[in-house]
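The values are calculated or read from the model by the stated rules, or taken from the named source; none is laboratory data. As the structure is a prediction and not an experimental result, all values here were calculated from the model. Glycine also receives a Cβ, built like all others from the backbone with ideal geometry; neighbour counts cover every protein chain displayed. In case anyone asks, the SASA skips ligands and DNA or RNA and just uses the protein heavy atoms, side chains included. Shrake-Rupley method; radii C 1.70, N 1.55, O 1.52, S 1.80 Å.
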Amino acid sequence: MSWTVPGSIPWLLAHEMRLNWRTFRAGRAGRGARGLVGMVILGLVMVLGGVFIALGVHGRQIPINPLSVSLAALACAVVFTLMLSQTLSASSEALYDRGDLDLLFSAPIGPGKVLFVRALGVAASVGTIFFLAAAPLLGPSIVWGHPGWLGVFGVLAALALAAAGAGLILAMALFALIGPRRTRTVAQVLAALVGAAFFLASQARTILGEQTSSSLYADIVARAQAGRLHPGLLVDLPLRAMTGQPLPLLAMLLAAVGLFAVAALALGRRFSDAAAAAQGAGSVRPPRTEGTSRRAFAAGAFLATLRKELLLIRRDAALLSQVLLRVLYLVPTALVLSRTASHGGEAALAAGAGVVAFLAGQVAGSLAWITLSAEETPDLLMVSPAPIRMLRRAKLAAALVPVAFFLLIPIAVLTWAAPMAAFWTALGALAASVASGLINVWHQRPGKRSDFKRRAGASWMATLAEIVVSALIALATGVAVAGFAPWGLIPLAVAGIVLLLLRRSDAQIARNLRTR
Amino acid sequence: MTEALIVRGLDKTFSKPAVTDLNLTVRAGELYALLGPNGAGKTTTLRMVAGLTKPDRGEISIFGIDARAEPAAAKAITAWAPDEAMIYDKLTPLEYLEFVAGLWNVEPRAAKARADELLAKLGLASEARRRCEGFSRGMKQKVALAGALIHDPRLLILDEPLTGLDAAAARLVKDMLQERVDAGGTVILTTHILEVAERMADRIGIIAGGRLLAEGTLDALRAQVGGEGGEADGSTLEDVFLQLTAEPGGLVEAVA
């Protein structure tokens, strides 16, 4: 049986999926029973949503017209970009995070087969996530009158395979163009940009300065109603495939398998070479010289820790790119909020100030997680005689410095236009940043810097509290900027109460860290 | 002679007992080797001495300072270097030493001079301004050792300091440790390389199952293994070690 023959593709794929499953479970380990309950509740809510959908569409067929065809194609494009974001990231990581690649390449198995299976594993993992999301939503409709909708899963499989192939080609192209040293960071940034592509595209007009913005969906509907929507050739393929028409489904699957096979088989040899080059990149290249080391040593534990944390933040390209991406996501949001609230200048300013404060809180929270929870050598700090409180203060300060740097321009611009608004915004941003930082001090959970994106193991309660407190302070900031400062005390007081509830003593923090 | 380290009645249990009623004494100015098979409790013991792991019970005194009551004072004169170098890949050796000196509150100018001296001594002067990320394991170990020595500790604790070092680097580290002891410093180390302990250690402690089986000079250990009136028969430390650790439950009284 080829499934159980060691070294066969199914056997290797089973190994790959087992590792993926264990990685997924390890990521959820810290969440325990509460995480499981949360997932069950989410699942039930989705099934309930699926039942409502089934009730709504029972006895009706989806019409094949320009509007439905365009919306189905748009949905596919969104799902594909989200999948591509993940597969690109996974493909570039596969080059650097060796895992068992050395073992597999040293075994008498062709590198092409190894890559094929790894790429298949990536496609299967990404596809599974979307399958699991779609199943409860569509299941009731499939059972109750729309068996053809099973085609959606075929379309998802096709999209996952195509995304895995495209992700691999992109990763290898980056590797060839910019070399092993930069590929990892650029691929991560590119993956996040691809993931946010539709969001950014939908906000492009707002960013470019038009007075009103409308979503792509609303735009398509408006054009359909005006009879100006003329989808091109083959655009109807996704909808037809999703509704179970065999030929369109087959066409999509064949195209996807073709792209995947070309990428995986043709790039197999190159992939193994690239993986070896990526591995060697760290040791072969001459280490970077740092001229800053010629200055005098910092005096005392506080300054030394602050300097060390700032150096580590500055030198972590992946971390900086992620922080910049958060800013990238939130800047259009800030603009949208301020513009939609803006038929009056005060309201627009208030909304903008609030978003800046919220954004500051979020970025400070992320950086504080890095400096506090993702310490690389906690034992070194533990064996030193430096008071732990002093070290925490230094780490918190290090998290706030980049936020201050990032806020410098907006606050300076605002000071020129509206000094009082600038004052309140700066105060709000400072308060939100310090509050997020303190939450991270009180609820530290050791993690790795490389896990920054997921903050693996971070307390969900702390993450939620960070958002809530930042939002409350943002609200207070907005209210103050709008000229009702005394009313701003109400959300500020609520934020204060939440912080008091979250506060932990040194002994509690130490106990919490010891028990992990 | 003053005692550098006195441990009395030390207990630590994780899921099972790791260290049980451990007593040991290290004299000032000596090199003490703590030996034992894997899982014997060596690292747990040293982590408790360094203040990294909280004992369930027992006393730890470092140069007369109660390490459990006054941890900061005890840490100020102690250094800990584990087998996995505690360094930052994105920092240069010089930046790393600046950070460590700051933690121990060493005066900046003195720290800079000492850092330059240590890096030169360890053959890392040309790498002082390069990030550690491309360093070999041995180089990282040497950077960590420089970090452990930057504040000139009275008690230096090393867990498997020679792991992963090539012959030249191992010789360099051994020479530095010997120099330190000759200059009056105190060094405690664990090692699986028994020849190193045999050649370098003034006294040796052998631990297994979380208990100290024997403690003393090599001659004293030989005599102990040979039984009462046993003579130093020229057996190696390896023979002694294997004999002591092979006896299940065969606890031996410590010998001076």
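A compact table of results
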| quantity | calculated |
| --- | --- |
| When residues of the stretch B:158-188 are limited to those that are of a type in the set (Val, Ile, Thr) and within 26 Å of B:Arg131 (Cα to Cα), the one surrounded by the fewest Cβ atoms within 10 Å (Cβ to Cβ) | B:Thr163 |
| Failed item, numbered, when A:Ala404 is tested on (1) within 14 Å of chain B (Cβ to nearest Cβ); (2) of a type outside the set (Lys, Arg); (3) surrounded by fewer than 21 Cβ atoms within 10 Å (Cβ to Cβ) | (1) |
| The stretch A:423-465 - residue that is at pLDDT 75 or above and of a type in the set (Ser, Thr, Tyr) and, of those, farthest from the chain's Cα centre (by Cα) | A:Thr425 |
| Single residue of B:Lys42, B:Lys16 found to be loosely packed, with under 15 Cβ neighbours inside 10 Å and away from chain A (no Cβ under 14 Å) | B:Lys16 |
| Lone qualifier among B:Ala128, B:Ala148 - being among the small types (Gly, Ala, Ser), closer than 13 Å to B:Asp83 by Cα and either surrounded by 18 or more Cβ atoms within 10 Å (Cβ to Cβ) or in contact with a strand residue (DSSP E or B) (Cβ under 6 Å, 6 or more places away or on another chain) (or both) | B:Ala148 |
| Residue check, A:Ser366 more than 14 Å from every other protein chain (Cβ to nearest Cβ), at pLDDT below 85 and either outside any helix (DSSP H, G or I) or buried (at least 18 other Cβ atoms within 10 Å of the Cβ) (or both) | no |
| Inter-residue pairs, beta-carbon under 8 Å, first within 17 Å of B:Leu149 (Cα to Cα) and in the stretch B:184-207, second of a type in the set (Lys, Arg) and open to solvent by 50 Å² or more (accessible area, probe 1.4 Å), 6+ apart | B:Gly185/B:Arg154; B:Thr186/B:Arg27; B:Thr186/B:Arg154 |
| Matching residues, the stretch A:284-304, being more than 7 Å from chain B (Cβ to nearest Cβ) and either under 16 Å from the mean Cα position of the chain (by Cα) or at pLDDT 80 or above (or both) | A:Phe302 |
| Condition check for A:Ala255: away from chain B (no Cβ under 14 Å), under 31 Å from the mean Cα position of the chain (by Cα) and modelled with pLDDT of 85 or more | yes |
| Residue list for the stretch A:219-263, restricted to those being free of Cβ contacts under 8 Å to residues at least 60 places away in the same chain and in contact with a Ser or Thr (Cβ under 7 Å, 6 or more places away or on another chain) | none |
| Filter result (of a type in the set (S, T, N, Q) and open to solvent by 20 Å² or more (accessible area, probe 1.4 Å)) within the stretch A:151-193 | A:Thr185, A:Gln188 |
| Helices (runs of 4 or more DSSP H) enclosed by the stretch A:381-488 - at least 3 residues per element that are of a type outside the set (Asp, Glu) and within 30 Å of B:Ala79 (Cα to Cα) | A:388-417, A:419-442 |
| Scan of the stretch B:55-83 for residues that are more than 10 Å from every other protein chain (Cβ to nearest Cβ), out of contact with any Asp or Glu (no Cβ under 6 Å at 6 or more places or on another chain) and open to solvent by less than 50 Å² (accessible area, probe 1.4 Å), ordered by number | B:Pro55, B:Ile60, B:Ser61, B:Ile62, B:Phe63, B:Ile65, B:Ala67 |
| Lone unmet requirement of (1) in contact with a Gly (Cβ under 6 Å, 6 or more places away or on another chain); (2) closer than 19 Å to A:Val383 by Cβ; (3) more than 8 Å from every other protein chain (Cβ to nearest Cβ) for B:Arg137 | (2) |
| Close pairs from the stretch B:38-54: first under 16 Å from B:Ala69 (Cα atoms), partner part of a helix (DSSP H, G or I) and β-branched (Val, Ile, Thr), Cβ under 8 Å, at least 6 apart | B:Ala50/A:Val383; B:Gly51/A:Val383; B:Leu52/A:Val383; B:Thr53/B:Thr44 |
| Residues (open to solvent by 10 Å² or more (accessible area, probe 1.4 Å) and at the interface with chain A (Cβ under 8 Å from one of its Cβ atoms)) located in the stretch B:107-119 | B:Glu107, B:Pro108, B:Arg109, B:Lys112 |
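For every residue, the table says whether it meets (1) part of a strand (DSSP E or B); (2) at pLDDT 90 or above; (3) within 22 Å of A:Pro385 (Cα to Cα); (4) polar (S, T, N, Q).
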residue: B:Pro153; (1), (2), (3), (4): no, yes, yes, no
residue: B:Leu162; (1), (2), (3), (4): no, no, no, no
residue: B:Leu189; (1), (2), (3), (4): yes, yes, yes, no
residue: B:Val196; (1), (2), (3), (4): no, no, no, no
